[in-house]
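To start, the structure under review is shown below, and the notes come after it.
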Amino acid sequence: MSEERFNHLETQISALQQDMNAMKQDMTAMKQNVDALREDMTSIRQRVDSSEGTILVAVREGFNSLRNYLDDLNYEVADNARATRLLKRRVARLERKDNE
């Protein structure tokens, strides 16, 4: 094998080794990016879970507030119905007294 051919092969091997080193660096960078992406996804999941929890609490509190308001309204309606019955009885008694 000639010296020139041997130098050419050495140059190609050296270039191949440099390319392999560059590929290793790229692979390392890709692994780091994948790890960072996983961390970001975990963070996003935690934020979504937290947001869902916050929304659920707000909805529950809203429904509880509405339920309490409806309970108050139902109590007032029942109280008004009782008062109306009492008034009707009084009116009926007054009408009987007037008729006598």
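The values are calculated or read from the model by the stated rules, or taken from the named source; none is laboratory data. Computed from a predicted structure; not experimentally measured. Positions of Cβ are backbone-derived with ideal geometry, glycine not excepted, and every protein chain shown enters the neighbour counts. Heavy atoms of the whole protein, side chains included, go into the accessibility calculation; ligands, DNA and RNA do not. Shrake-Rupley method; radii C 1.70, N 1.55, O 1.52, S 1.80 Å.
Which residue, chosen from 81, 50, 7, occupies the Cα position most advanced towards the positive end of the dipole of the chain, where the dipole is computed from +1 (Lys, Arg) and -1 (Asp, Glu) charges on Cβ about the Cα centre?
81
If I model region 22-79 as equal point scatterers sitting on the Cα atoms and use the Debye formula, what is log10 I(q)/I(0) at q = 0.14, 0.20, 0.27 Å⁻¹?
Values returned for q = 0.14, 0.20, 0.27 Å⁻¹ are -0.63, -0.80, -0.96.
Which values, in whole Å and largest first, are the semi-axes of the equivalent ellipsoid of the chain obtained as the square root of 5 times each eigenvalue of the Cα gyration tensor?
94, 8, 4
State the percentage of accessible surface on the chain attributable to carbon and sulfur atoms; use a 1.4 Å probe and exclude ligands, DNA and RNA.
55
Please quote Rg/Rh for region 59-100 to two decimal places, taking the Kirkwood radius as Rh and restricting both calculations to Cα atoms.
Here Rg/Rh amounts to 1.44.
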